[in-house]
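The values are calculated or read from the model by the stated rules, or taken from the named source; none is laboratory data. Nothing here was measured: the structure is a model prediction, and the numbers come from that model. As a convention, Cβ positions derive from the backbone with ideal geometry for all residues, glycine included, and neighbour counts pool all protein chains shown.
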Amino acid sequence: MFFTIEDIIRYSRMFRSIPVDISEELRGWNWNTPPLIPTYPIKMAVSDLTNDFCETGRFVYLKYVKRIPELSQPKLIRGKFIHDTITEASKTAKLLIYSGHIDNFREKFIENGEIIYNNMNTTNIENAKEIFKMIWNYAADVFSSSLTRARSRSPYLSIDSIVALTVPGINEYPIDGTLIGLTKTIRIDNLLPPSIIVEYKTREYQPIHEITLAAYALAYESQYETPINHAILINIKIDEKRKDIKYYEKPITISDSLRQQFIDLRDNLAKIINDQIDPGKPKNCSLDCPYFKICNK
């Protein structure tokens, strides 16, 4: 959830031990040739393609064709709050080091947490304060230890180097997805150097979540022409009542099969939007779907 240089080394070694054979035609840099070239001129968000709410795709029909606003759902609001807290923690750690708060880093980090929490939108989030404090204190532990290790390397490190060694990831990393049929600015939850894509999930794992990583990998390849063979899916579990926070890592190989699943899903959903086809409700509607009340009036 909060990553160190040691984590990056561990992931890199783990990826090297996982065999992979990816077809050249399914690399993102071949965005202008079949099968990757988009069939329709539609640009969608990754979350629209890979939500686990709607098996038929009526989600995108209601959003893009009928232009019906999404309704907030408690689990989605909670998940966004957790994502935002993680992002704020990483940003704060970097800002404190750049501002010279190295010797008193942990004290200042905890102090800043109070200010940041008071500026966050916690409406309709049960136990928001407890969730925030658990994540923030965990971040304080990870980044404080990481900073100590970074400083022990050499007394001559630049501030940039210390920041890079302490908080190596870039949260909400933007990529232009237009070449592969996605929106202009899609955001990776965390990008670890040199090019490790990390996606956070706060709800139960679903296989479609792996297609999210395929989408990011293909977009990254299309923009930077750098191969992405593997990525990391992080499932975050927070029990604020027990004051327990856990996260589970799942390495994902961005295989030919996963890339083709993305292509098929993208084209099927784009057809719904382009041809204005109502695919109908799925057999089982998720209570977490932003359109649940629309489809189940």
**Complete:** Exactly one of E130, E111, E199 is surrounded by 15 or more Cβ atoms within 10 Å (Cβ to Cβ) and either not in a loop (DSSP other than H, G, I, E, B) or not assigned by TED's automatic domain parsing to the domain that holds E221 (or both), and that one is E199
**Request:** Might you let me know whether the range 245-257 holds any residue that is surrounded by fewer than 20 Cβ atoms within 10 Å (Cβ to Cβ), without any contact (Cβ under 8 Å) to a residue 40 or more places away in the chain and among the small types (G, A, S)?
**Result:** yes
**Request:** Could you please let me know if S72 is in a loop (DSSP other than H, G, I, E, B), touching a residue at least 40 places away in the same chain (Cβ under 8 Å), among the polar types (S, T, N, Q) and closer than 24 Å to D239 by Cβ?
**Result:** yes
**Message:** Given the criterion modelled with pLDDT of 95 or more and in the same structural domain as V163 (by TED's automatic domain parsing), identify the matching residue among I37, I22, I86, I125.
**Reply:** I86
**Item:** In the range 87-114, the residues that are among the small types (G, A, S) and over 24 Å from the mean Cα position of the chain (by Cα)
**Value:** S99, G100
**Asked** Identify, please: which residue in the range 202-230 is part of a loop (DSSP other than H, G, I, E, B) and among the hydroxyl-bearing types (S, T, Y) and is, among those, modelled with the lowest pLDDT?
**Response** Y205
**Item:** Residue in the range 184-196 that is nearest to the chain's Cα centre (by Cα), counting only those that are in contact (Cβ under 8 Å) with a residue 60 or more places away in the chain and crowded, with 17+ Cβ neighbours inside 10 Å
**Value:** D189
